[in-house]
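The values are calculated or read from the model by the stated rules, or taken from the named source; none is laboratory data. All values reported here derive from a predicted model rather than from experimental measurement. Glycine gets a Cβ as well: all are built from the backbone with ideal geometry, and neighbour counts include every protein chain shown. Areas reflect the complete protein model, heavy atoms only, side chains present, ligands, DNA and RNA absent. Shrake-Rupley method; radii C 1.70, N 1.55, O 1.52, S 1.80 Å.
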Amino acid sequence: MSESLIEESILSRPTYGTLAIAPGLAHYFVADASGAECVIRVAEAAPRDFMEKVHILYVPTPGENALITALYALGAKRFEHFPTIDDAVARLGDWLSDARMGSQLYLAGTETLIGKAVAAAEECGLDHSAVQCEHRGSLARRVQCVHCKTMIEKVTTQPVKCPSCDLLLLVRDHYSRRLAAFQGVCINAEDPTEDIEIREVFK
Amino acid sequence: MSASDHLIPVVVSKVVEVNSIIKRFEFKHVDGDELPAFSGGAHIVVEMLDGPTKRKNAYSLMSSPFERGQYAISVRRDDDGRGGSKFMHEKVEAGMKMKISPPVNLFALDLRAKKHLMIAGGIGITPFIAQMTQATELGVPFELHYAARSASQAAYMDSLQDRFGDQVSCYCDDAGGGPDLVGLLSDQPLGTHVYVCGPRGMIEAVVQTATGLGWPAAHIHFEHFLSPPVGQAFSVHLAKAGIDITVGPEQSLLEAIEASGTPVNCLCRGGACGQCETKVVSCEGDIAHNDHWLDDEQRASKQFIMPCVSRFRGERLELDL
Amino acid sequence: MTIQFRNETFRNDFTYANSPGNIPRFPFPFPEDVYMYSTNVEPHHATRAGSPFENAFDVDEHYVAEMKDRALVLAEDPGRCQALPHMETAGWDFVELVMVSKARDYPDLFELTIDGDRWHWINKPLQIDDSFIFGDSSTLPCHPMEYIGRQVQGDHAILDQRDGNLWLDAGIITAQADWSLDFDIGMNFFEWHAPVPLAHELGVFQRALKFLLSLPQGQPSRRLNWTLTVNPRLDTSPENYPKWGPDRTTVTPENIGEKVHLRVELQTFWRLPRSNAILFPIRTYLMAMNEVVTQPKWGRRLHRVMRDLRPELVEYKGLSRYHPMLVEWLSQFDDGALTSPGIFPD
């Protein structure tokens with residue numbers, strides 16, 4: 001899986017780094033298949049007793065088992081896997097509601113996974129500055145249609161048609177951490193007859 | 001712009017000797033008007049006219065933020081200081097008229113916190129008294145850990161325990177010492193914010209311990225007002241005003257600038273808020289940077305100075321004022 | 001002083017207009033013949049009787065109609081008024097500031113009686129007469145920010161101060177120049193201004209933030225901002241862009257004077273006492289080009305400003321479709337004479 005290549009943009013567009021162990025009393029990891037290798041990399045470089053403080057949530061791609069086995073073998077204190085990002089993030093919320101200050105959160109994978117986990121963690125009182133994120137995999141975006149408020153998942157095109165209100169949306173770089181979404185605004189509102197090419201840009 | 005441009009005329013309504021080193025002063029508006037509302041952790045600047053000398057010191061408000069009829073501060077006497085606390089202790093009596101600034105808060109509670117953990121050392125207790133009143137009103141859990149040198153110097157310890165019960169834990173150096181910071185900071189629910197006010201060593205210990213345990217910086221709050229240190233007199237050239245001023249041994253550079261009638265921004269007067277940051281035009285000599293604001297690179301560059309607490313020794317200092 | 005409140009609309013048939021006496025008090029936003037971003041902040045103290053800077057919260061002939069328009073927007077889209085849970089104290093600070101100011105500045109229109117925590121508020125233009133316990137939100141029909149926000153002209157954002165930044169954590173925003181509260185709520189000062197071009201590079205927001213973080217209680221500040229809007233529409237939200245966007249294609253040399261409006265925001269900044277938050281009122285004034293050019297100084301200057309506006313700003317402010325036409329139309333009011341400094345008409 002290639003490393004993330006996100007172009008420099010406006011200040012609300014999140015940027016991501018490389019996971020590295022930070023001081024902490026408990027370490028929570030959430031990853032999808034594209035980010036699993038980041039978790040393994042961090043764990044393999046960690047001091048001996050580190051894994052006793054580690055809790056891992058994993059979202060595999062369907063039918064894939066090798067990474068589940070590899071992550072399980074790291075010997076974390078807790079390891080659970082879930083079929084969807086939403087299920088894993090809900091479990092993260094359960095875990096963090098009992099957590100103490102000094103918890104570190106590490107996220108690795110697609111922007112959707114990162115965005116949803118950051119928003120859930122912030123609800124639990126974990127400051128976003130205490131979250132490390134490493135982007136891997138697809139650059140497909142989660143987009144909020146600003147007009148009808150529909151959340152559109154896995155957007156790869158510019159513009160994108162809102163499945164709910166049918167408007168053709170320009171996907172902006174403006175990003176809301178609370179919604180874990182980019183903003184989509186009608187691209188041809190002034191002249192709906194304008195002909196606009198739809199191109200695949202978020203791969 | 002500066003909060004102390006819009007001073008409020010008050011009358012000292014009460015002076016209470018809390019213990020051998022601490023006095024409490026209460027102020028009411030001279031016209032009996034309500035004083036501005038404030039939030040826990042706010043301070044006021046008190047203007048002291050001591051003969052020809054005008055001093056301005058910042059003190060945390062300890063009265064209830066919901067009480068608009070009067071303000072209260074506590075002042076610890078510091079005989080080695082510039083004389084501000086000594087003036088308050090020796091010269092200020094009930095019935096005297098003084099001027100204070102509107103409240104400014106550089107040490108506010110984070111209102112998103114799921115819990116407030118407060119750690120006080122000595123006279124650093126004062127902002128927490130107002131904050132505990134506010135947290136109680138808001139219904140947010142809090143804990144206060146209050147350390148003092150000895151029971152006889154622990155201002156308000158008994159009354160706080162009466163008022164807030166087991167939310168308050170007390171420690172005295174002469175009876176076993178301060179709180180177990182590692183234990184305390186290792187067992188706080190996610191979403192807790194920690195606040196510390198006290199001697200420099202205590203602040204550093206709390207910040208370092210919390211950071212080492214993985215607390216994010218946004219959850220660690222501290223307030224450490226410096227009193228402007230005393231020193232040798234020195235001269236400064238103010239380039240825009242085109243004048244030379246002299247800073248007396250017990251005067252701060254900020255006070256000397258103000259006395260010359262030259263406008264300068266300021267808020268905390270204690271090296272913390274950054275408002276009075278001033279560009280140095282030229283410097284032949286050494287700046288004693290006593291502030292918490294400038295970083296090491298800025299200090300080494302000799303291009304910036306915080307006039308509220310910093311001093312100068314050398315041939316010539318020229319400021320962009 | 002008694003104000004004749006106009007019965008008018010900001011949508012559909014657009015009956016909004018400024019009466020002749022109201023025109024000279026418009027806060028024309030250009031003190032010089034050229035425009036570029038600046039923080040241009042000054043103390044918000046009483047300036048010039050009769051001007052919109054005379055009182056803390058200006059009430060003018062559009063008050064009642066604007067409040068009706070706000071109620072329509074909120075009925076359609078309650079998400080235009082939102083507050084994160086920790087912003088209730090700030091909501092009460094906002095209630096106090098507006099009620100105390102209006103009762104003081106417009107005693108014939110508003111009355112406030114305070115007896116400890118028991119407050120009695122009368123708003124005559126909107127026929128409101130309510131008693132409540134200050135600080136107890138259960139004694140109001142809604143969140144304190146919404147309650148008072150429905151009684152004061154202009155949008156209101158409330159910014160929480162923490163961690164050396166300001167956070168857009170509450171607002172009642174129904175008359176905005178194309179930004180979404182629902183999307184931006186919870187963002188910090190740099191994040192919610194992120195889409196603005198040029199200003200970040202110029203350091204405008206860094207300077208503005210530093211200024212606002214140390215804003216003292218009792219010393220509010222103000223600045224003017226501007227854009228252009230086709231038709232006197234207050235709700236130019238991104239949510240409703242498909243409704244107002246097409247208006248931009250309807251401008252012709254024949255209707256430009258009545259269609260295109262100068263839209264000025266009187267932005268003020270207030271430190272709130274109990275929450276330590278900052279109240280950020282964004283008060284919008286609309287004036288048709290035909291009304292603007294009744295003041296010869298404004299006609300001359302607006303032509304020069306529009307003619308020399310940087311292309312990035314023409315694009316960002318959404319003027320591209322009719323900008324050349326507007327410059328051409330305005331040129332007839334510019335005889336090349338010198339203009340006097342400052343914003344007020346000669």
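What lysines does C:K124 reach when the alpha-carbon gap must be under 19 Å and sequence neighbours fewer than 8 apart in one chain are set aside?
By straight Cα distance, C:K124 reaches C:K68, C:K102.
Can you send over the solvent-accessible area of B:C308, 1.4 Å probe, protein chains only, in Å² to the nearest 10?
So the heavy atoms of B:C308 present about 10 Å² to solvent.
Under a Cβ-only charge scheme (Lys and Arg +1, Asp and Glu -1), can you give me the dipole magnitude of the stretch A:26-135 about the Cα centre, in debye to the nearest 20? Please report the intermediate quantities before stating the final value.
Numbers: 8 positive and 16 negative charges, 68 e Å.
Here the stretch A:26-135 has a charge dipole of around 320 debye.
Give me the accessible area per residue for the stretch B:234-319, probe 1.4 Å, as a whole number in Å². List each step's numbers first, then the result.
On the way: 3840 Å² over 86 residues.
That works out to 45 Å² for each residue.
Per-residue counts of other Cβ atoms within 10 Å, averaged by peptide: what ranking do you get for A:29-40, B:290-301, highest first?
Values: A:29-40: 24.3, B:290-301: 15.0.
By packing density, highest mean first, the sequence is A:29-40, B:290-301.
List the aspartates and glutamates whose Cα lies under 14 Å from the Cα of C:K210, skipping any in the same chain that are fewer than 8 positions away.
B:E277, C:D163
First measure r as the distance between the Cβ atoms of C:D129 and B:M96, then evaluate 1/(1 + (r/R0)^6) with R0 = 30 Å and state the FRET efficiency to the nearest 0.05.
On the way: r = 45 Å, r/R0 = 1.50.
Here the calculated transfer efficiency is 0.10.
Starting from the Cα gyration tensor of the protein assembly as shown, take the square roots of the eigenvalues, sort them a ≥ b ≥ c, and report rounded, prolate or oblate (rounded when a/c is under 1.5, otherwise prolate if a/b is larger than b/c, else oblate).
On the way: a/c = 1.66, a/b = 1.11, b/c = 1.49.
In terms of gyration-tensor shape, oblate.
Chains A and B: how much accessible area gets covered up at their contact, both sides added, probe 1.4 Å, in Å² to the nearest hundred?
On the way: alone 11060 and 14660 Å², together 24380 Å².
Summing both sides, the interface buries roughly 1300 Å².
Go ahead and estimate [θ] at 222 nm for chain C from helices alone: -39,500 (n - 2.57) per DSSP H run with n ≥ 4, summed, over the residue count, rounded to 500.
Working: 12 runs with 95 residues, N = 346.
It comes out at -7500 deg cm²/dmol, rounded to the nearest 500.
So which aspartates and glutamates pass the test for C:K317, namely a Cα distance under 13 Å, with those fewer than 8 places away in the same chain ruled out?
C:D178
For a quick check of your reading of the filter: which GluC sites (Glu not before Pro) in the stretch A:158-198 sit in a DSSP loop and have no more than 13 other Cβ atoms within 10 Å?
On the way: sites: A:E190, A:E194, A:E197; in loops: A:E190, A:E194, A:E197.
Counting only loop positions with at most 13 other Cβ atoms within 10 Å, the GluC sites (Glu not before Pro) in the stretch A:158-198 are A:E194, A:E197.
Quick check: net charge around A:A26, other residues with Cβ under 9 Å of its Cβ, Lys/Arg +1 and Asp/Glu -1?
Details: positive: A:K53, A:K77, A:R100; negative: none.
Every neighbour counted, the sum reads +3.
Could you give each residue of the stretch C:205-213 its phi-based ³J(HN,Hα) in whole Hz, using Karplus coefficients 6.51, -1.76, 1.60 with θ = phi - 60°, and x for Gly or Pro?
6, 4, 5, 5, 5, 4, 5, 5, 4
Would you check the accessible area of C:M36, probe 1.4 Å, heavy atoms only, in square angstrom rounded to 10?
For C:M36, the solvent-accessible surface is approximately 60 Å².
Which of the three applies to the stretch C:105-260, rounded, prolate or oblate, going by the alpha-carbon gyration tensor with a ≥ b ≥ c and a/c under 1.5 meaning rounded? The partial results should precede the final answer.
Values: a/c = 2.11, a/b = 1.29, b/c = 1.64.
Note, shape of the stretch C:105-260 comes out oblate.
Can you compute the charge dipole magnitude of the stretch B:115-223 about its Cα centre, using +1 on each Lys and Arg Cβ and -1 on each Asp and Glu Cβ, nothing else charged? Give it in debye, rounded to the nearest 20.
Values: 4 positive and 11 negative charges, 44 e Å.
For the stretch B:115-223, the charge dipole is close to 220 debye.
Which order do C:D163, A:D98 take when ranked by solvent-accessible area (1.4 Å probe, heavy atoms of all protein chains), largest first? Spell out each step's value before the answer.
Numbers: C:D163 100, A:D98 120 Å².
Final ranking, largest accessible area leading: A:D98, C:D163.
Counting only other chains, what is the mean number of Cβ atoms within 10 angstrom of the Cβ of each residue in peptide C:42-52?
Numbers: counts 0, 1, 0, 0, 0, 0, 0, 0, 0, 0, 0.
Counting other chains' Cβ atoms within 10 Å and averaging over C:42-52 gives 0.
If you average the alpha carbon positions of the stretch A:57-94 and of the stretch B:206-235, how far apart do those two centres end up, in angstrom?
With the stretch A:57-94 and the stretch B:206-235 each reduced to a Cα centre, they are spaced 42 Å.
For the stretch C:195-258, state which GluC sites (Glu not before Pro) are in a DSSP loop and have at most 12 other beta carbons lying within 10 Å of their beta carbon. Please report the intermediate quantities before stating the final value.
Values: sites: C:E201, C:E239, C:E254, C:E258; in loops: C:E201, C:E239, C:E254.
For GluC sites (Glu not before Pro) across the stretch C:195-258 that sit outside H, G, I, E and B with at most 12 neighbouring Cβ atoms in 10 Å, the list reads C:E201, C:E254.
Where does the charge balance sit around C:E111 when Lys and Arg score +1, Asp and Glu -1, over other residues with C-beta under 10 Å from its C-beta? Provide the component values of the computation, followed by the final result.
On the way: positive: C:K102, C:K124; negative: C:D108, C:D129.
Within the 10 Å Cβ shell, the charges total 0.
Helix-only estimate, please: 222 nm mean residue ellipticity of chain B, summing -39500 (n - 2.57) across DSSP H runs of length 4 or more and dividing by its residues, to the nearest 500.
On the way: 7 runs with 62 residues, N = 321.
Result for chain B, helices only: -5500 deg cm²/dmol.
Between the stretch C:249-327 and the stretch A:9-33, what is the separation of their alpha carbon centroids in Å?
The distance from the Cα centre of the stretch C:249-327 to that of the stretch A:9-33 comes to 43 Å.
What accessible area, summed over both chains, is buried at the C-A interface (1.4 Å probe, Å², nearest 100)?
Details: alone 14920 and 11060 Å², together 23960 Å².
Buried area (both sides, nearest 100 Å²): 2000 Å².
Can you work out ³J(HN,Hα) from phi for every residue in the stretch C:240-250, in order, using Karplus 6.51 cos²θ - 1.76 cosθ + 1.60 and θ = phi - 60°, giving whole Hz and x for Gly and Pro?
9, 3, x, 7, 9, x, x, 3, 5, 8, 9
Just how far, in whole angstrom, is the stretch B:273-321 from the stretch B:153-175 if you go by their alpha carbon centroids?
40
Can you give me the solvent accessible area of A:D191 with a 1.4 Å probe, rounded to the nearest 10 Å²?
About 50 Å², rounded to the nearest 10.
Give me the percent of the accessible area of the stretch B:172-321 that comes from carbon and sulfur atoms, probe 1.4 Å, all protein chains in place. Present the calculation step by step, with values, prior to reporting the outcome.
On the way: 3190 of 6490 Å².
Answer for the stretch B:172-321: carbon and sulfur cover 49 percent of the accessible area.
Give A:K116/A:K149; B:K54/B:K279; B:K279/B:K302 a once-over and call out the pairs whose C-alpha atoms are over 20 Å from each other. Spell out each step's value before the answer.
Details: A:K116/A:K149 17 Å; B:K54/B:K279 25 Å; B:K279/B:K302 9 Å.
Flagged as over cut-off: B:K54/B:K279.
How shielded is A:177-183 by partner chains, expressed as the average number of their Cβ atoms within 10 Å of its Cβ atoms?
Details: counts 4, 7, 5, 0, 1, 1, 5.
So the per-residue partner count for this stretch is 3.
Just tell me how shielded B:190-198 is by partners: mean number of partner chain Cβ atoms within 10 Å of each residue's Cβ, no decimals.
Numbers: counts 15, 10, 3, 4, 1, 0, 0, 0, 0.
If you average over the peptide's residues, the count of other-chain Cβ atoms is 4.
Going through the stretch B:202-285, which trypsin sites (Lys or Arg not before Pro) have at most 13 other Cβ atoms within 10 Å and a DSSP loop state?
Numbers: sites: B:K240, B:R269, B:K279; in loops: B:K240, B:R269.
Within the stretch B:202-285, the qualifying trypsin sites (Lys or Arg not before Pro) (loop, at most 13 other Cβ atoms within 10 Å) are B:K240.
Treating only the Cβ of Lys, Arg, Asp and Glu as charged (+1, +1, -1, -1), what charge dipole size does the protein assembly as shown show about its Cα centre? Round to the nearest 20 debye.
Dipole magnitude for the protein assembly as shown comes out near 900 debye.
Can you tell me how the stretch C:116-172 classifies by the Cα gyration tensor, rounded, prolate or oblate, using a/c under 1.5 as the rounded cut? It would help to have the intermediate numbers written out before the result.
Details: a/c = 3.00, a/b = 1.67, b/c = 1.80.
Since a/c reaches 1.5 but b/c is at least a/b, the shape of the stretch C:116-172 is classed as oblate.
Name the most mobile residue of B:S63, B:S152, B:S74, meaning the one with the largest mean-square fluctuation, in a Gaussian network model of chain B with Cα contacts below 10 Å.
Looking only at B:S63, B:S152, B:S74, the biggest GNM fluctuation is shown by B:S152.
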